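Throughout, read-outs are computed from the coordinates displayed, never taken from laboratory work. Computed from a prediction, not measured in an experiment: that's the story for all the values here. FYI the Cβ positions are ideal-geometry reconstructions off the backbone, even for glycines, and counts take in every protein chain you see.
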Amino acid sequence: MKKFRPRRRHARAGVVLFALALAAPAGCGYGTNTRTAKDIKTIYVPFFENKTAEPNLEIKVTEQIIQNLVDDNTLKVVSENGADAVLDGEIVDFKNQPFSFNKQLNADEYHVVITVVCTLFNRRTNEPIWQKRNFVGDGSYFVEQVEGGRTFNDAVQESLKEITDRILNLTVQDW
């Protein structure tokens, strides 16, 4: 017959609980520390340069980035004179390519791909925090529209959302 040893069992439970308590703050290695320097609280985003033939793309990109920064609320978007950092960029490529074809070899679906190059500059140290990073976003749409189907504008918006989300993550988060 086995002897009952309550002290030992409680001791093991205590060791396990202690180990769990130590591991809990680690959070499995994830964090949301800012990648930017601690002295950076404000950011200026000038209109991006559009090096493509697609009209008004610079307006859409810049407005989406600013909106993401405002929604995130980690950095305050301000005018150039009051900014600790400047996020500068250019739209370097825009493609609207056939993606799938029907039996008559006509395009059924198109794929939009947008490429942006950005630099985040620390105005206090006069050095880049990161520079000339490529961000690519893509989306697709069908030529023949059905009710509730994706349009060219939907594909462009999806591409821009991917790009601006990645820019935001690189600018304010360190995962």
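Quick look at the numbers
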read-out: Over 24 Å between alpha carbons, listed pairs 60/132; 41/95; 95/132; value: 41/95
read-out: Under-5 Å amide H pairs with residue 150, H placed in peptide plane, nonlocal only; value: 142
read-out: Amide H contacts of residue 49 (H built 1.01 Å from N, under 5 Å, at least 5 apart or other chain); value: 89, 90, 91
read-out: Under 14 Å, Cβ to Cβ, from residue 164 - net charge with Lys/Arg +1 and Asp/Glu -1; value: -4
